[in-house]
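Down below is the structure, laid out as structure tokens.
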Amino acid sequence: MKTIFFTCLFSISVVMTTSAQDEVVSFLAASVEDAQTFTQDYMSPSTDALINGLTSNWYNSGQVKKTLGFEISVIGNASLTSSEQKSFNLNTADYSNISFKSGQNSQTVATVLGENDPEVTMLVNGTNGNLEFDLPQGLASEGIDFVPSAFIQASVGLPLHTEIKFRFLPEVNEEDISSSLYGLGLQHEFTNWIPFLKELPIAISGFVGYTNFKGQVNLTDVSPFVINYDDQLLDVEVNSWHFAAIASTKWKTFNFYSSLGFISGDATTALKGTYEFNDASQDIIDLGQFRDPFVVSSSVDSMKALIGAKLKLGFFRINAEYSFQQFNTASLAINFGIK
């Protein structure tokens, strides 16, 4: 099993989701439509979890920074997965040319978040026999029950009780994998616009933020069934929006914060390049050549509520939060700055 894409490579973490690239490509032997149907059900939970994770730790207070105040943050998130998100029912009636080697018509199998234990073997029915391959495993087979994400964020105070935030990850190229991330957020504090709030140890603000993640993995030489072409790759793009109303205490050293809002996002996973089955496979099933076979997509629209706490010791701050959403997410940030 190989890595599909990194969400980032940073000094304190390697953040990734995983999949078996060769099995996804091998599904093309059944048909493009069958490969697309399987990839939709298999991949969508991981990209949905990533959409949820990328909305985390945008803010750690209802108070915005003073003009030209700044903060640099290193943020790590873990979007937790449930048993329902780790599997789906694969019914061969929904496919044109595959069957279970066990003879069953339908079976619960792993998504990219789950595990097939034991292995599940599929057959592609050809003119002169069958092609045989195992379904891909997922994160649970590696003992991982969450989808991680991480990035760097910079926040700067602007006039009129406003703060702008940038999150980013420079493009990373690691062997056959590349990824990049950027985001932009805006927070505006309303405390000073409401007279009686100015006298209370409470800050209230509104926030909107957008994050984009892109990842690619080279698929050349991953399947025993196909001829290698240099343009074979899996391309993933995730867009994530977060809208929230934030409230926090505004004590000197230790504070609590919470928010209530909404997240929205979409993700596309595209199998790109030229795919042609080799001579051994063609003897069993002749499928010709495919170019950019398919694209699958998913979307998320979910309420989001979070609670968090922040400790401030001079230039150093640390905060932790937990979000209640489609994929509940725990997040931790180490921050340096002045206010």
Practice task
At q = 0.10, 0.12, 0.15 Å⁻¹, work out log10 I(q)/I(0) for the chain with the Debye formula, treating every Cα as an identical point scatterer and leaving solvent out; two decimals please.
Solution key: -0.63, -0.83, -1.13
Fill in the blank from the handout: With the 8 Å Cα cutoff and a minimum separation of six or more residues, the chain has a relative contact order in percent of 21
Fill in the blank from the handout: For the stretch 19-103, one quarter of the surface area of the C-alpha convex hull, expressed in nm², comes to 9.1
Practice task
Estimate the FRET efficiency between residue 101 and residue 198 by the formula 1/(1 + (r/R0)^6), using the beta-carbon distance for r and 56 Å for R0, to the nearest 0.05.
Solution key: 0.20
Fill in the blank from the handout: Of every Cα-Cα pair in the stretch 197-240, the percentage lying beyond 17 Å is 63
Fill in the blank from the handout: When the charge dipole of the chain is computed with +1 at the Cβ of Lys and Arg and -1 at the Cβ of Asp and Glu, the Cα pointing farthest to the positive end, of 107, 25, 87, is that of 87
Handout entry: Charged-residue dipole, Cβ positions (Lys, Arg, Asp, Glu), the chain about Cα centre, Debye nearest 20
Key = 2780
Practice task
May I have the extent of the alpha carbons of the stretch 202-338 along their three principal axes, as whole Å values ordered from largest to smallest?
Solution key: 73, 30, 20
Handout entry: Partners for residue 339 among aspartates and glutamates (Cα-Cα distance below 15 Å; same-chain residues under 8 apart left out)
Key = 71, 163, 189
Exercise for the section: Taking only Cα atoms and a 10 Å spring cutoff, compute GNM fluctuations for the chain and point out the largest among 183, 265, 69. Expected result: 69
Completion exercise
So the angle from the long Cα axis of helix 32-53 to the longest Cα principal axis of the chain, reported in degrees to the nearest 10, equals 20
Handout entry: Theoretical FRET efficiency, 1/(1+(r/R0)^6), r = Cβ-Cβ of residue 316 and residue 237, R0 41 Å, to 0.05
Key = 0.70
Exercise for the section: Express the carbon and sulfur contribution to the solvent-accessible surface of the stretch 113-247 as a percent, rounded to the nearest whole number, probe 1.4 angstrom. Expected result: 57
Completion exercise
Looking only at lysines whose Cα falls under 28 Å of residue 101's and that sit 8 or more positions away or on another chain, we get 2, 86
Handout entry: Given charges at beta-carbon only (K, R positive; D, E negative), |dipole| of the stretch 210-339 in Debye
Key = 1780
Exercise for the section: Show that you can apply the helix-only estimate: for the chain, add -39,500 (n - 2.57) for every DSSP H stretch of four or more residues, divide by all residues, and state [θ] at 222 nm to the nearest 500. Expected result: -3000 deg cm²/dmol
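The values are calculated or read from the model by the stated rules, or taken from the named source; none is laboratory data. Please read these numbers as outputs of a predicted model, since none were measured by experiment. Methodologically, a virtual Cβ is constructed for each residue, glycine included, from the backbone with ideal geometry; neighbour enumeration extends over all protein chains shown. When the accessible area is computed, the model is the full protein with side chains, heavy atoms only, and any ligands, DNA or RNA have been set aside. Shrake-Rupley method; radii C 1.70, N 1.55, O 1.52, S 1.80 Å.
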